[in-house]
Amino acid sequence: MISCLLCSQPVKQTASWEISWLFQSPPVCCETCLAEFEKLRGPLCTICGKESVEPICEDCQDRTHFLDSNKSIYRYNDFAKEYMKQFKFQGDYEVGAIFKRALRQYLAEKKQKIIPIPVSEARKLERGFNQTTAILKQSDIIYEELLAKRHTEKQSKKTKKERLAAEQVFSFVGKEACEETEVLLFDDIYTTGSTLNLAAQILKEAGVEKVSALTIFR
Ligand SMILES: [Zn+2]
Ligand SMILES: [Zn+2]
């Protein structure tokens, strides 16, 4: 019997054919907890993936977009905030496996190389892991770390305006230029989009033509 990683209740098992055919692994979170994560429903902004009646939302209207588009899976609701606290700040590495099914389903049709948003070395030491690569690793998703991040003050301590006007913190650590024409950035949360936009800028400077993003929450 598997216990839910979030509430410790027993997890209802899926038929074995479904596990092997579609997901290749049993669920690690109970249905009750999973239902607390609210899927984002359309209509969505075609750029940032926010729920919006306009095809391009207000936030996206007068900004420089290095990031071509973002797709987020779930709303960053109170349950998601609690989850992130457990995962990121209490360092519960295991719970990174919860989105395996949702991510694999989304990525099934995608051919682009997946590039996780890095954390600085200092942050990695403090937390013990990078949350984005932790999620990908536990979801058996292949990725390539083509970006590095230098240490800066925590995003959460900055005001929205400061985050929007953020200076470049990423650098390209791949070979001379990126051979890919399209890549997919991966991050845990889309807040203002400034982090992903900075990362996309670096990738475009390295020769990538199209940079999209997949984020779990927004
Ligand atoms: Zn549960
Ligand atoms: Zn938007």
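Of all the accessible heavy-atom surface of the chain, with the other protein chains kept in place and a 1.4 Å probe, what percent is carbon and sulfur? If you can, show how the numbers build up before the last one.
Values: 5980 of 11920 Å².
C and S atoms contribute 50 percent here.
Highest GNM mean-square fluctuation, the chain, Cα pairs closer than 10 Å: which of S120, S139, S72?
Maximum fluctuation in the GNM of the chain, among the listed residues, is at S120.
What is the gain in length, in nm to one decimal, between L40 and Q9 on full extension, counting 0.36 nm per residue of separation less the C-alpha to C-alpha distance?
Values: separation 31, 0.36 × 31 = 11.16 nm, distance 2.60 nm.
Going from the current span to full extension adds 8.6 nm.
Given the options A177, A80, A206, which has the most mean-square fluctuation in a GNM of the chain, springs set between C-alpha atoms less than 10 angstrom apart?
Evaluated over the chain, the most mobile residue of the options is A177.
Less than 18 Å from a label point 7 Å out along the Cα-to-Cβ axis of S120: which backbone N atoms in region 77-114 qualify, by residue?
89
Run through region 29-99 and list the trypsin sites (Lys or Arg not before Pro) located in a DSSP loop whose Cβ has at most 13 other Cβ atoms within 10 Å.
Taking region 29-99 and a limit of 13 other Cβ atoms within 10 Å, the loop trypsin sites (Lys or Arg not before Pro) found are R41.
R0 = 35 Å: FRET efficiency of D68 with M1, Cβ-based, nearest 0.05?
0.20
So with the 1.4 Å probe, I'd like the accessible area per residue for the chain, rounded to whole Å².
Each residue of the chain exposes 55 Å² on average to a 1.4 Å probe.
How much length, in nm to one decimal, is gained on full extension between A102 and Q168, taken as 0.36 nm per residue of separation minus their Cα-Cα distance?
20.7 nm
Distance from the Cα centre of region 70-110 to that of region 184-218, in angstrom?
17 Å
Between rounded, prolate and oblate, where does region 34-76 land on the alpha carbon gyration tensor, with a ≥ b ≥ c its root eigenvalues, rounded for a/c under 1.5, else prolate if a/b exceeds b/c?
It is prolate, given that a/c is not under 1.5 and a/b is the larger ratio.
Probe 1.4 Å, all protein chains in place: accessible area of C45 in Å², nearest 10?
Accessible surface of C45 is approximately 10 Å².
The values are calculated or read from the model by the stated rules, or taken from the named source; none is laboratory data. These numbers were taken from a predicted model, which means no experiment stands behind them. So basically every Cβ, Gly included, is an ideal-geometry build from the backbone, and we count neighbours across all protein chains shown. Please note that ligands, DNA and RNA were not included when accessible areas were found on the heavy atoms of the full protein model with its side chains. Shrake-Rupley method; radii C 1.70, N 1.55, O 1.52, S 1.80 Å.
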